[in-house]
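Every read-out reported here was derived from the displayed coordinates using simple, explicitly stated rules and does not represent laboratory data. The shown structure was predicted, so the numbers you read here are calculated from the model rather than taken from an experiment. Don't worry about glycine lacking a Cβ; one is built from the backbone with ideal geometry, like all the others, and counts go over all protein chains shown.
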Amino acid sequence: MIRFNPISLILFFALPLFCQSNTGELRLKITDPTGQAVKTTVKLVSEANQYRNTLATDDQGNLDVKRLPYGIYRVQIQAPTFAQVFESVEIRSALPLDRAIRLKVAPVSESVNVNATATLIDPYRAGSVNQVGTQAIEDRLTALPGRGMQDLVNSQPGWLYEGNSVLHPRGSEYQTQFVVDGIPLTDNRSPSFGPEAAEADDVESLTIYTAGIPAEFGRKMGGVVEVNTLKNQDPGFHGQFTLFGGTYDTGAINTQDQYTSGKNTFGLSASGNLTDHYLNPVVPQNYTNNGTTANFSVSYERELTRKDRLTFIVRHELARYEIPNELVQQNGAYLPNADNTTGCPPAPPEPSDCVFIPGGQLQTGDNFETMGSVSYQHIFSADAIGTLRGMARDNSTDFHSNDASWPLNATQHNDFKEIYFNGGISIHRGRQEFKTGIESDNIFLHENTSYVIPDCANPNDPQCPINLGILDSGAISFAFQGHRPDLEQAAYVQDLIRLGNWTVNAGLRWDHYQLLVNQNAVSPRVAVSRYFPSVGVNVHFSYDRIFQTPSFENMLLSSSPAAEAIDTSVPALQLPVQPSHGNYYEGGVTKAFLGKLRLDANMFRRTVNNYADDSQILSTGISFPISFDHAILYGAEGKLQVLQWGRFSGFASYSWIVGNAWFPVTGGLFLGDDAINPTTGHFPDSQDQRNTVRGRVRYQVVPRLWVAVGADYNSGLPFEPDLTPQQYAAEYGQAVISHLNFNRDRINPYFTQNASVGVDLYQREKRSVRFQGDVANLSNTLELIDFGGLFSGNALGPSRQYTFRLVTTF
C-alpha cells in the first residue's frame with residue numbers, strides 16, 4: 001500500500017492554480033459619433049477557428065465575448081443609420097482585450113473592402129491545431145447515443161476508431177485527454193467505459209491537439225481535446241430544445257437553457273437517450289445491445305467585479321447498457337471438448353466428447369458519474385491574470401452476468417473518487433505571453449471483481465476453458481477486492497513569443513506519478529512557425545517530449561498476486577505497468593488558395609518507450625493496461641477545407657499511418673500462452689490502418705434549405721488469427737469472416753457513404769426551428785471495424801441508418 005500524508009496534500013492543494021485553456025476574451029464598447037452608447041448587433045468571424053457568431057450589445061453599448069480561441073477575428077457591425085464597420089482584432093492572451101469602436105453616420109460612409117482571407121489563416125499559430133466550430137457541430141451527421149463527441153473528434157485527420165468508439169490519435173492506445181471547461185478528464189470516455197465528456201449538443205467549440213502540445217497539458221498525450229460548453233451571456237432567457245430519433249429504436253431529448261440578469265448567469269442542460277445499438281456488436285444480428293444514457297448539469301457564473309469572475313458547474317451522468325453476444329452465447333451450440341478432433345453435430349443426441357452450451361447469455365454494464373467544479377479568475381493588472389480551478393467527482397462502473405453466461409459468469413463493481421486542482425498565472429507583455437502553473441490530481445481507486453465458471457468437474461469441458469481459481473463442488477470461482485490511490489502532480493512554464501513573422505511556443509513540464517511505480521519526468525516542448533506573407537504560407541515544426549501515465553482501469557486486479565490464479569496452465573507473467581516516455585516530431589504547412597480554400601498538410605513521427613496497450617479477461621470486456629518495449633509510429637495527413645465558397649462548404653482529408661510495436665512486454669498481466677514472452681520481434685500495432693479518407697460537401701440550395709453528402713474509406717486494421725476461418729465462421733458467421741484477408745492478416749477495406757438534408761422551418765431574430773434528416777451507410781456495407789486483434793475484440797459498425805433531428809432555438 002502506498003503511504004501518503006494527508007496534511008501534505010492539503011498544503012499542496014492550497015497553492016495557487018491555473019486553468020488549462022488557450023482562450024481569451026474580447027470586450028467591445030460601441031458608441032455613436034457623440035460618444036453615446038449604441039445597442040446593436042455585432043458579427044464576429046474567425047475562419048481559421050471555424051468561429052461565426054452574431055451577438056448583441058447591451059443598453060450601454062457593451063459586449064463581452066468570452067472563451068475565444070487564440071487567433072485573428074473580423075468584427076462586423078451593421079447598425080441602422082450608421083455606416084458599416086469592419087475591423088480586425090487579434091486574441092493572443094488570456095487577458096481581456098478592450099476595444100472601443102465609434103460608428104460613423106451613414107451619409108459619410110465610405111467604400112469598405114472586406115478581405116475574406118484575413119482570418120482564413122492564423123499567421124502566428126506555432127503548431128498544427130484542428131478547430132471544430134459551431135456550424136460544423138450544428139450540421140454534423142447525427143450520431144448514436146454516447147458517440148456524438150467522439151464522432152466530432154474522429155472526423156479529424158489522424159484519428160481512428162476501434163470498437164465502441166474508442167479514440168486512437170496517431171496510433172496511441174487510450175491516450176486521449178478531454179479538457180472540459182478547463183478541467184482535464186484522463187479516463188476512457190468511450191461508451192463501454194463511461195459517459196461522454198460532454199453531449200455534442202452542449203458543445204460550443206473544440207480545439208484538438210496531436211502535436212505542438214502546450215506544456216500546460218500532460219499525462220495523457222496521444223491527443224488533447226479542449227471542449228468549451230459555456231455559452232456567451234446574452235441578456236435574458238435563451239435556450240435550445242432538441243428531439244432526435246431514428247433506426248434501432250433510437251430516441252433522444254436534449255435541452256440547454258441559460259438566463260442572464262446583470263452580473264449573474266444561470267445555465268441548465270439535460271438529456272435522455274435510448275437505442276438498440278449502443279455498443280458495436282460482434283455479429284451482424286446485433287444481439288443484446290440496448291442502451292440508455294442521461295445527463296443533467298447546472299452552472300452559475302457571477303461577474304463579481306470587472307476583474308473577478310466566479311463559476312460553478314455540477315454534472316451528473318449515467319449509462320446503462322447490454323453487452324452484445326456472439327452466436328454461441330445467444331443461440332447455444334454443441335462445442336467439442338479438448339479430446340474431440342472431429343467436431344460436433346448441430347443437434348442432439350449429445351456425443352460424449354461434445355458439450356451443449358445453452359445460450360441465452362445476458363451481460364449488462366452501467367456507469368454513474370457526479371462531478372462538481374469551481375473556478376475563480378482575477379485580473380491583477382493590465383498584464384497579468386490568474387485563475388484557480390478545482391474539481392471533485394465520483395465515478396462507478398458495474399458489470400453483471402446472468403447464469404447462462406459463457407464462458408464465465410462475471411460480476412464487477414469498480415469506482416474511483418477524484419480530487420483535482422490546477423492553476424497559476426498568465427502574463428502578457430509586448431510580444432510575449434508567459435504562463436506558469438501547477439496541478440494536482442488524486443484518484444482513489446476501488447476495485448471489486450469476481451466470477452464463477454460452473455460445472456467444471458471435467459477439465460475437458462469447453463465451459464472450463466482455463467485452469468483457474470478455486471475448485472469447489474465442480475465449480476471454479478475467483479474474487480478480488482483492492483483499493484489504492486493514484487497520485488499525480490505537475491508544474492510547467494511556457495512562453496509564446498512573436499518575432500516578426502516567426503512564432504515560438506516553448507515550454508518545460510515536470511510530472512510526478514505514483515501508483516504501482518514512483519516516477520518523475522521533465523519534458524521540454526517547442527513549436528516554431530514562420531509565416532511567408534508573399535505566398536500566404538505558414539510553415540511549422542514541433543517537438544514534444546511526453547510522459548504518459550498508464551490507464552488505471554482494473555490496474556489493481558491485474559497487478560495483484562491473486563490474478564496469477566486466473567490461469568495456472570502456464571506460470572503467469574506479471575509486471576508493473578510503467579509510464580510511457582516518448583518523442584513526438586511534426587512538420588507541416590498551412591496555405592490559403594483563392595481566398596476560399598485552406599490546405600493543412602503534416603508529417604509526423606512518434607517514438608514511445610513502454611508503449612501502452614490493453615488486454616482483457618476472456619470475452620468479458622473487463623480490460624486492463626499492458627505495455628510493450630517500444631513503438632514507432634509515423635505518417636502524413638492532409639486536409640482541404642472550403643469554409644464558405646458561394647453556396648458550398650466542406651472538407652476532404654487523408655491520413656496515412658504506419659505503426660509497429662516491439663517485444664518484449666514490459667508491463668501488465670499475461671496468462672496462458674500469452675505469458676510466453678518473446679524477447680525480440682515486432683508486430684503492427686492495433687491502430688495500424690494505413691489509409692483513411694474522409695470527406696463531406698454541403699450545398700446551400702436556398703437560404704433555408706441545404707443538402708450534404710459525405711464518404712469514408714478505411715483500408716482496414718490488422719488482426720492476429722488464432723483459429724481457422726472455419727472455426728471463426730462457427731463463432732461469428734460467414735458474413736463477418738468474408739471481410740477478413742487471412743493472407744495479409746488484415747480486415748478488408750470498406751467504403752461508406754452518408755447524406756443529409758437540413759431545413760430552417762422558422763427563423764425570426766433569435767428564435768428558430770431547424771430540421772435535419774440523415775442517412776448513414778447508404779450502401780448498407782457490413783462495416784468490420786475491428787476483429788479479434790492482438791488483445792482486442794470484434795466490432796461491427798451500424799447498417800444503413802436513418803435519423804432525424806428537430807432543433808428549436810430561442
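At a glance:
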| read-out | value |
| --- | --- |
| L597 versus A755: modelled label distance in nm, points set 7 Å from Cα along the beta carbon direction | 2.6 |
| Rg/Rh ratio calculated on Cα atoms of the chain (Kirkwood radius) | 0.98 |
| Net +/- balance of residues flanking D366 in space, Cβ distance below 12 Å, scoring K and R +1, D and E -1 | -4 |
| Burial order of peptide ranges 321-333, 363-375 (average beta-carbon count within 10 Å, highest first) | 321-333, 363-375 |
| Length added when fully stretched, F241-S450, from 0.36 nm per residue minus Cα-Cα | 70.9 nm |
| Per-pair calculated FRET efficiency, R0 = 56 Å: T679 and T305 via Cβ, rounded to 0.05 | 0.30 |
| Local net charge near A730, Cβ-Cβ under 15 Å (Lys/Arg +1, Asp/Glu -1) | -3 |
| Model label zone, Y699; criterion: amide N under 18 Å from point 7 Å along Cα-to-beta-carbon; scope region 640-654 | 642-652 |
| Anchor K591: lysines whose Cα lies under 17 Å away (excluding residues fewer than 8 positions away in-chain) | K639 |
| Per-residue HN-Hα couplings for region 756-770 [Karplus 6.51, -1.76, 1.60; θ = phi - 60°; Hz; x = Gly/Pro] | 9, 9, x, 9, 8, 6, 8, 8, 7, 6, 8, 9, 7, 10, 10 |
| Within the chain, helix-based [θ] at 222 nm, where runs of 4 or more DSSP H residues each add -39,500 (n - 2.57), nearest 500 | -1000 deg cm²/dmol |
| Residues D98 and R764, FRET efficiency given R0 of 25 Å [Cβ-Cβ distance, rounded to 0.05] | 0.15 |
| Potential lengthening between H512 and N264 on full extension [0.36 nm per residue; Cα-Cα distance subtracted] | 85.4 nm |
| Cα gyration tensor shape of region 195-286, rounded if a/c is under 1.5, else prolate or oblate by comparing a/b with b/c | oblate |
| Three-way shape call for region 126-213 based on the alpha-carbon gyration tensor, with the a/c threshold at 1.5 | rounded |
| nm² value of the averaged projected area, convex hull over the Cα atoms of region 179-232 | 4.2 |
| Pairs from K220/K596; K263/K766; K43/K435 whose Cα-Cα separation, in the structure shown, is over 32 Å | K220/K596 |
| Nearest-0.05 FRET efficiency for T370 and H483, computed from C-beta distance (R0 25 Å) | 0.80 |
| Nitroxide proxy distance, nm - points 7 Å out along Cα→Cβ at V493 and L782 | 6.0 |
| Region 123-274, Rg to Rh (Cα coordinates; Rh as Kirkwood inverse mean 1/r) | 0.98 |
| Backbone HN-Hα couplings from phi across region 307-321 [Karplus 6.51/-1.76/1.60, Hz, Gly and Pro as x] | 10, 10, 9, 10, 9, 10, 9, 10, 10, 9, 9, 8, 8, 10, 7 |
| Q734 paired with N748, simple spin-label distance in nm, labels 7 Å along Cα-to-beta-carbon | 1.3 |
| Neighbour net charge for L640 - beta-carbon separation under 13 angstrom, K R +1, D E -1 | +4 |
| When the convex hull of its Cα atoms is projected in every direction, mean area for region 39-79 (nm²) | 2.8 |
